[in-house]
Amino acid sequence: MAQINDNFQKLKASYLFSDIAKRVNAFTEANPDKRVIKMGIGDVTEPLPEACVRAFHEAIDEMGTRTGFHGYGPEQGYPFLREAIAVNEYQSRGCDIGASEIFVSDGSKCDSGNIQEIFARDSRVAVPDPVYPVYVDTNVMAGRTGPNRDGRYEGLVYLECNAGNGYIPSPPDRDVDLVYLCFPNNPTGACATRQQLQEWVDFARDREAIILFDAAYQSFIRNPDIPRSIFELEGARDCAIEFRSFSKNAGFTGTRCAFTVVPENLTAKSASGEEVSVHKLWNRRHSTKFNGVSYPVQKAAAAIYSPEGKTQVQGLIDFYMENAKVIVKTLGELGFSCVGGINAPYVWVKTDQPSWEFFDRLLNEAAIVCTPGAGFGTCGEGHFRLSAFNSRENVELAMERIRKVFA
Ligand code: MLT
C-alpha cells in the first residue's frame with residue numbers, strides 16, 4: 001500500500017483560514033438572517049484598477065488573433081513585466097535589483113511556501129511568533145520539525161513578538177540557516193525600522209543565514225523612513241530573498257500575480273561545502289514546476305506601473321488605509337490597545353479573553369469575523385486581528401456593532 005508523507009500528520013487538521021471559514025459557515029447556516037461582516041482573512045473587496053481592467057481586455061483580444069496569440073510564456077515572467085518591476089519597485093528607490101533577478105509567479109503564498117524546497121532538510125529555521133502559518137506549515141510538511149508540543153513545533157526557532165519588543169523580533173542568540181521575516185507584518189501590522197532591519201541583515205551575513213523577506217504589504221507603508229524592501233539595506237543582496245505581491249495593493253487576490261526577487265550573487269553551501277547559486281536553484285525549481293502566469297494577467301499587472309495605474313493603485317491603498325484609521329480610532333476609544341493599522345492594513349488588538357473565545361464572542365454577539373491571534377502562534381494568544389480590507393460601509397457598520405458590544 002502507498003505510504004503517506006507522515007510529516008503531514010503533525011499538522012493541525014486544517015489551515016487556519018479554512019478552519020475559520022468552517023466556523024463562519026456553521027454560524028451563517030444557524031443564523032441566516034444575520035449579515036456577517038468578514039474582517040478575518042485579508043481579502044480585498046474593491047474592484048480592479050481601471051488601467052488593469054483595460055490592459056486585461058486588450059490582452060485577451062490580442063490572444064484571439066493569430067499574430068497576438070501567446071502560448072507558453074517564459075516561466076520567469078515576460079520581460080515587459082520583469083523590467084517594469086525592476087525599474088518601478090527597486091531602481092526608482094535606489095535598490096540594485098535587475099529584471100533577471102525577478103521571478104513572476106501566481107502568488108506569494110505559493111512562493112513563500114515553496115522556497116524552503118531548495119534548502120537542506122536539516123536547515124535550522126527561525127520564524128516569528130505570531131507568524132503567517134504558511135512559513136511554518138510548509139517546513140513541517142518538508143520534515144524539518146518534530147511534533148507540535150503545546151502549540152510549537154520541535155526543531156523550529158521561535159522569535160517572540162510581543163508588546164515588550166513592539167512586536168519586532170530581534171536576531172536570536174544562536175546560529176540559524178533560514179529566517180522568515182515579514183514587514184509590514186502579517187498578522188501584527190508592526191513595521192521594522194531601518195536600524196532594526198539592518199541588524200537582521202548584519203546578523204544574516206555574519207551567520208551565513210538567508211532572510212526570507214515577505215514584503216507583500218509594503219505598499220501600505222506611509223512613513224517614508226520605513227524601508228519598503230529588504231534590498232534598501234546595506235548588504236542585503238548577499239543574504240536575502242524577497243516576496244512581493246499584487247494581491248493587496250492592486251486587488252489581485254482573485255487574479256493572481258506576484259513575484260520573488262532572488263539576487264544573482266546569493267549563494268548557499270552544498271553538502272560537500274561547495275558554494276551554489278541560489279538564483280540558479282530557484283530558477284531550476286520554478287521552470288520545472290511552474291509554467292508561468294497567463295499573458296493577460298501579466299499585462300494587467302504591468303498596467304499598474306502606467307501613470308494612471310499608479311494613481312488608481314494609490315487610490316485603493318488610501319481607501320483601505322482610511323478603513324484602518326477608522327478601526328484603530330474606534331478600538332482606541334473603547335480602550336483596546338492595538339498596533340498596526342498605520343503602515344499596514346492589519347490591526348492587532350489585545351484582549352483579556354482567550355483569542356478563540358473572543359472570536360466566538362465577536363461572531364455571536366456582533367456577527368463580525370476576526371482572526372484569533374492564537375491561530376498565528378502561541379504569542380498570538382490574547383490577541384485578535386482585524387483586516388482593513390473591506391467596503392467603507394461594512395467597516396463603519398462593524399465598528400458600530402463593536403461599540404454596542406464593548407461600550
Ligand atoms: C491573511 O489574511 O493573513 C492573508 O490574506 C493570507 C494570505 O495572503 O494568504
Exercise. Is it true that Ile102 is at pLDDT 95 or above, away from the ligand (no atom under 16 Å from the Cβ) and in contact with a Pro (Cβ under 8 Å, 6 or more places away or on another chain)?
Worked result: no
For this session: For Val134, work out the one condition from (1) within 20 Å of Pro372 (Cβ to Cβ); (2) surrounded by fewer than 23 Cβ atoms within 10 Å (Cβ to Cβ); (3) aliphatic (A, V, I, L, M); (4) in contact (Cβ under 8 Å) with a residue 40 or more places away in the chain it doesn't fulfil.
Result: (4)
Exercise. From the list Arg256, Arg228, which residue is assigned to a loop (DSSP other than H, G, I, E, B) and either within 13 Å of Ile85 (Cβ to Cβ) or away from the ligand (no atom under 16 Å from the Cβ) (or both)?
Worked result: Arg228
Exercise. Of the residues Ser112, Ser92, which single one is over 17 Å from Tyr295 (Cβ atoms) and open to solvent by 60 Å² or more (accessible area, probe 1.4 Å)?
Worked result: Ser92
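Results for (1) closer than 30 Å to Val349 by Cα; (2) assigned by TED's automatic domain parsing to the domain that holds Gly189, shown as yes or no for each residue.
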{"site": "Asn5", "(1), (2)": "no, no"}
{"site": "Phe17", "(1), (2)": "yes, no"}
{"site": "Thr28", "(1), (2)": "yes, no"}
{"site": "Lys38", "(1), (2)": "yes, no"}
{"site": "Ile41", "(1), (2)": "yes, no"}
{"site": "His57", "(1), (2)": "no, yes"}
{"site": "Arg66", "(1), (2)": "no, yes"}
{"site": "Gly77", "(1), (2)": "no, yes"}
{"site": "Ala84", "(1), (2)": "no, yes"}
Exercise. Taking the stretch 231-246 only, how many residues are open to solvent by 10 Å² or more (accessible area, probe 1.4 Å) and within 12 Å of the ligand (Cβ to nearest atom)?
Worked result: 1
Exercise. On the given criteria, is Pro184 in contact (Cβ under 8 Å) with a residue 12 or more places away in the chain, crowded, with 19+ Cβ neighbours inside 10 Å, in contact with a strand residue (DSSP E or B) (Cβ under 7 Å, 6 or more places away or on another chain) and of a type outside the set (Val, Ile, Thr)?
Worked result: no
For this session: Filter the stretch 30-77 down to the residues that are touching a strand residue (DSSP E or B) at 6+ places or on another chain (Cβ under 6 Å) and open to solvent by less than 40 Å² (accessible area, probe 1.4 Å), then identify the one that is farthest from the ligand (Cβ to nearest atom).
Result: Gln76
Seminar exercise, completed: Okay, helices (runs of 4 or more DSSP H) sitting entirely in the stretch 265-381 with 3 or more residues that are in the same structural domain as Asn394 (by TED's automatic domain parsing), at pLDDT 95 or above and open to solvent by 60 Å² or more (accessible area, probe 1.4 Å), I get 307-333, 355-366
For this session: Give the stretch 364-378 a look and list any residue that's in contact with a strand residue (DSSP E or B) (Cβ under 7 Å, 6 or more places away or on another chain) and within 16 Å of the ligand (Cβ to nearest atom), or say none.
Result: Ile368, Val369, Cys370, Thr371, Pro372, Gly373, Gly377
Problem set entry | Test result for Ala2, at pLDDT below 95, farther than 30 Å from Cys239 by Cβ and open to solvent by 80 Å² or more (accessible area, probe 1.4 Å) | no
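The values are calculated or read from the model by the stated rules, or taken from the named source; none is laboratory data. Quick caveat: nothing in here was measured; it's all calculated off a predicted structure. A quick note on method: Cβ atoms are made from the backbone with ideal geometry, for glycine too, and the neighbour counts reach across all protein chains shown. To get the accessible areas, we keep the full protein, side chains included, count just its heavy atoms, and leave off ligands, DNA and RNA. Shrake-Rupley method; radii C 1.70, N 1.55, O 1.52, S 1.80 Å.
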